[in-house]
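Report on the following structure.
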Amino acid sequence: MSPMEEDASSSILSKSRSIKEPYPSKKMRHNDSYAKRSRNGRIFVQRKEHYLRDDIYCGAPFCTICDSSVACLNASASTLLVVDSNVILNQIDLLENPAITNVVLLSVVLEEVKNKNMAAYNRIRAICSNSMKNFFVFLNEHHMDTYVKQMSGETKNDRNDRAIRVATQWYQNHLGGAIKVLLITNDKENKRKASEEGIHAETVESYVKSLDRPDLLDLLVRPALEDVAIEEVEDLRPSKRKVVYPEHKQMPEINSGLDRGIYHQGRLHVNCYKLFKAYVRSKSFSDEIIIDGRLNMNRAFDGDIVVVEILPQDRWLQVKCLSIAGEEDEDDEDVHLAPKSAEDAPRTIPQQGSTAEMNVVSSRPSGCVVGIIKRNWHSIRYCGSLEPMPMPAGSGAVARAFFVSKDSRIPKIQIQTRQLENLLDKRIIVNVYSWDRNSQYPSGHYVRTIGEIGGKEIERKVVLIENDINSEAFSPQVEACLPPLPWSVSSEDLANPIRQDLRHMRVFSVDPQGCKDIDDALHCYALPNGNFEVGVHIADVTNFVHPDTPLDEEATERGTSVYLVERRIDMLPKPLTEDVCSLRSDVERLAFSVIWEMTPEADIRCSRFTKSVIKSSAALSYDEAQVRMDDSRLMDPLTTDLRNMNSLAKKMRQRRIERGALTLASAEVKFQIDTETHDPLDIGMYQFREANQMVEEFMIAANVSVAQQIVKSFPLCSLLRRHPAPTKEMLEPLQRTAAAVGLHLDVSSSKALADSLDHAVGDDPYFNKLIRIMATRCMSQAVYFCSGDLSPPEYHHYGLAAPLYTHFTSPIRRYADVVVHRLLAASLGISKLPSKFQDRKLTSIADNLNKRHRNAQMAERADKELHALDKFSPTDEEARIVKIRSNGFFVFVPRYGITGPVYLTPRAEKGGGEWYVDEQQQKIKKIDGSLSYSMLQKVKIHMEVVKCQLNWPKLQLSLI
């Protein structure tokens, strides 16, 4: 190992403590040899230098040999714990508990955890950064006395276990009995050998029991937990055990099936409202594969990477007109905000019902899960409550209970607890760790309590936790990466040849009212030749966020800022988002600029990119910009710039629409906020103005120009954004609805669909909006991807009708834009391309960005719904029918931008009775013909908040 590699290794997790020289240090170079096979099959020997030293500190403050100034272990603790890899991998929830402190983490253990489970590695890294936990990273692999070489015939796992024992023994000898050193391992063989070698060793459970904390026992993951089959009557007797699910295939059979095209691999997406309805997209299969029913899902969770076998065609799912709640649903559909764009729309999966109440329309390729490649639950915490149940006899007795997640895509989870009485009225967090084929439900364990059921702040915490949103304060290591405050543009910045001085330009920003994290600014000057110079200036975040720093790692993990009703959860610390990087008015700031020369017809004659220094002359709100553009009495230069830009934007927008761009943004909720208390006062639909569209148009143009530049320079490792075209099956519900109201929608291309939507007008002012909302629900979501993973035709952004697209314009709040800024800088020769963008590493970054982007959307949506419920008092409103079901219909409420179900028959009845559906005319009629309801019809409804299962608040709609 080279000295550079050694230094990099020494920064594992805690960036360890800097190595000082309390006494003359010794270094030793050790050569490791490895036999490797080349791609052509030849065997060669690779040698690697591994440097060892004797001055790596133990971390104990009472140590008489090491420098105690860098110690972080607890001086008053009676025991020092050394944990093995499996303890971290399986018991991370226990390790996060405040009761577990004074732990030594060996570098050999951390490396193994990192290779096996990145989520667990990130969580243990977070624990190490918490000074209250007293966790210390010891670099045993680089200490002369603790490094062990793999012996002949010894497996890597056995070698690592031996290294753990050697390091533990070293601590016992090194500290000379000043503290008890205890190895924690559940590996029987490792524990046996430790005892034979004179090392104190215990299992996790025996150690926890010694703490006399029964509540901690609930946190233990027991791989051999009795996973009983719970029947519909929830009979827990062992004698009732039986096989519930098919056995998952083993990897050799899976790999063979994938190679032969019998099986298909992809991520499982469970319907947002239907627990046992899901779909899988696989590169090896042309269409979505529908997974319908409990048995076909075969213990797979939402987000799992699964292997699917296509069912015989006679067992394919038949698309039919459903009741509001399907046969296998455990919950009814709730009221939800209408989607504001294709990226916000929940995917709806056709469901199956009884043939007695439905007419078959078509069938879809269906399959069953035969194997699971990667479990999603390892990185998920589920929020919810325990089902009410009687208390067991005896205080502190172990009770089995059912946990119900707030996320309707998650099945009930069975747990064991010794504190049932304290948990029944609480919102709690549960983790899943197994799902035996003999059990109808997965097994999990209690992690911690969030708070009392029904508390507003508690329910908002639930929203963040269930969507994996990190709302914790930034660590000291991250804060240390920030520039000193107050910050200002320096003479070095101005003299830098890569940066153009644009402070003389009349630059301005247009953002939502009260915006503090201003990413973008604009300028527009008339040129002597009659053309315009137009600039989009974006905050130069990468000047302050450098690759491979704690700040960059934190931003990578967070992925995006999250905008809630009453607060903003930042991707970057506030000194950057609201000061150093924010393009505020009347202050000099660093930017990355895209500048075009445009004709009066908005044709781009030339483009250039440059780092710059700007000084914004005004930070306008959308309303202020709109007033300036509309008020003919105003003739100042800034207003003239706005009007010129708006004129160009209208032409650019029209040209995009002519190419086939869709206008899908249709229903976004806006909260009126009290300026003093920050509480929401009222809600309504957000109104988009020309000022919004003007800014949007130039942001789109900048993103397209940057995408073209980076792909030209880095065709295989550019971060792009694509929007897949919807399939014919996805658009069928929209076409049926349109036909029912006398419209023909041409869906042959985005241009044809855009034209059809533009012509979908009626007497009702909300008619076109409703059609667009329905079109939005039929779309796929836009996603980030690495250009090297797909072919150029697959880069296309359907909604924008753009062959190339990326995100460049919001680096303060999106890490994707930070990546693109680095790519653009590298393409211009300003900096080198970061190594982590190469060798397909960009693919994993894109995957995380997609996950974080979706999580943020879900959290923002759930938070708005929660606040909406707070503001609702019983009221009557006008609504439009947007979906027909056999026992009622779904309505859209224009005032609030929400959709929800209205039942015509009791919820227990799944259709039938006195109502039937006329599939041809898309109507629901009474049997006697006295009454009927049709698509897009106006109805009057009563809206009222009620408490439903486990005290979740719910907006109930009923027909007046």
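Could you tell me which GluC sites (Glu not before Pro) in segment 830-911 are loop residues by DSSP with no more than 16 other beta carbons within 10 angstrom of their beta carbon?
On the way: sites: Glu860, Glu865, Glu877, Glu878, Glu909; in loops: Glu909.
Listed in order of number, the matching sites are Glu909.
Each of Trp170, Trp596 has its accessible area taken with a 1.4 Å probe; listed largest first, they run Trp170, Trp596.
The slack between Asp603 and Glu624, meaning 0.36 nm per residue of separation minus the straight C-alpha distance, is 4.8 nm.
Of the three principal axes defined by the Cα atoms of segment 386-426, the extents in descending order read 35, 17, 13 Å. Per residue, the Cα convex hull of segment 245-307 amounts to 78 Å³. Restricting everything to alpha-carbon atoms, can you work out Rg to Rh for segment 507-602 with a Kirkwood hydrodynamic radius? Ratio value, two decimals: 1.06. Under the simplified labelling scheme, the Ser844-Met151 pair shows an inter-label distance of 3.3 nm, with each label point 7 Å from Cα along Cα→Cβ.
The calculated FRET efficiency for Met144 paired with Ser206, based on their beta-carbon distance and R0 = 35 Å, is about 0.60.
From Cα pairs below 8 angstrom and at least 6 apart in sequence, can you work out the relative contact order of segment 719-831, rounded to a whole percent? All intermediate terms of the calculation are to be shown ahead of the outcome.
Values: 130 pairs, mean separation 42.6, N = 113.
Relative CO of segment 719-831 lands at 38 percent.
Can you tell me the FRET efficiency between Glu492 and Glu588 if r is taken as the Cβ-Cβ distance and R0 is 22 Å, rounded to the nearest 0.05?
Values: r = 13 Å, r/R0 = 0.60.
Here the calculated transfer efficiency is 0.95.
Among the listed pairs Lys769/Lys954; Lys242/Lys954; Lys188/Lys841; Lys728/Lys883; Lys412/Lys456, those with a Cα-Cα distance over 27 Å are Lys242/Lys954; Lys188/Lys841.
By the Stokes-Einstein formula, at 0.890 mPa s and 25 °C, segment 391-540 with its Kirkwood radius over alpha-carbon pairs has D equal to 113 µm²/s. Just the protein heavy atoms count here, and of the accessible area of segment 440-543 at 1.4 Å, carbon and sulfur take up 53 percent.
Among the protein heavy atoms, those of Lys841 account for about 100 Å² of accessible surface (1.4 Å probe, every chain in place). The mean of 1/r over all pairs of different alpha-carbon atoms in segment 817-960, once inverted, gives a Kirkwood hydrodynamic radius of 19.2 Å. Taking a sphere under 11 Å around the Cβ of Phe532 and counting the other residues whose Cβ falls inside, with K and R at +1 and D and E at -1, yields a net charge of -4. Per the Debye calculation on segment 453-558 with a single equal scatterer at every Cα and no solvent contribution, log₁₀ I(q)/I(0) for q = 0.10, 0.16 Å⁻¹ amounts to -0.53, -1.03. At the residue level, Met505 shows approximately 20 square angstrom of accessible surface with a 1.4 angstrom probe and all protein chains present. Where in segment 418-453 does the label zone of Met391 land, with the point 7 angstrom along Cα→C-beta and an amide N cut-off under 19 Å? Only 418-427, 452-453 pass the distance filter.
The figure for Cys272 is an accessible area of roughly 30 square angstrom, using a 1.4 Å probe on the protein chains alone. Nonpolar atom fraction for segment 70-148, defined as the carbon and sulfur part of the 1.4 Å probe accessible area, stands at 47 percent. Both numbers refer to the Cα atoms of segment 48-131; Rg and Dmax are 14.0, 41 Å.
Among the GluC sites (Glu not before Pro) in segment 568-639, those located in a DSSP loop and surrounded by at most 11 other Cβ atoms within 10 Å of their own Cβ are Glu601.
With protein chains left intact and a 1.4 Å probe, residues in segment 467-538 average 49 Å² of accessible area per residue. One chain, two ends: Lys851 and Asp158. Fully extended at 0.36 nm per residue, the span grows by 245.8 nm beyond their Cα-Cα distance.
What's the FRET efficiency of Ala526 with Ser713 using the Cβ-Cβ distance as r and R₀ = 35 Å, to the nearest 0.05?
Working: r = 32 Å, r/R0 = 0.92.
Working from the Cβ atoms, E equals 0.60.
Take segment 58-133 with all the other protein chains still there, run a 1.4 Å probe, and you get 36 Å² of accessible area per residue. Taking label points 7 Å from Cα along the Cα-to-Cβ direction, Glu566 and Thr549 give a separation of 3.4 nm. Here the convex hull built on the C-alpha positions of segment 689-734 has a volume of 106 cubic angstrom per residue.
The values are calculated or read from the model by the stated rules, or taken from the named source; none is laboratory data. Only a predicted model underlies this, so the values are computations on that prediction, with no experimental measurement involved. Positions of Cβ are backbone-derived with ideal geometry, glycine not excepted, and every protein chain shown enters the neighbour counts. Surface areas here come from the heavy atoms of the whole protein model, side chains and all, with no ligands, DNA or RNA. Shrake-Rupley method; radii C 1.70, N 1.55, O 1.52, S 1.80 Å.
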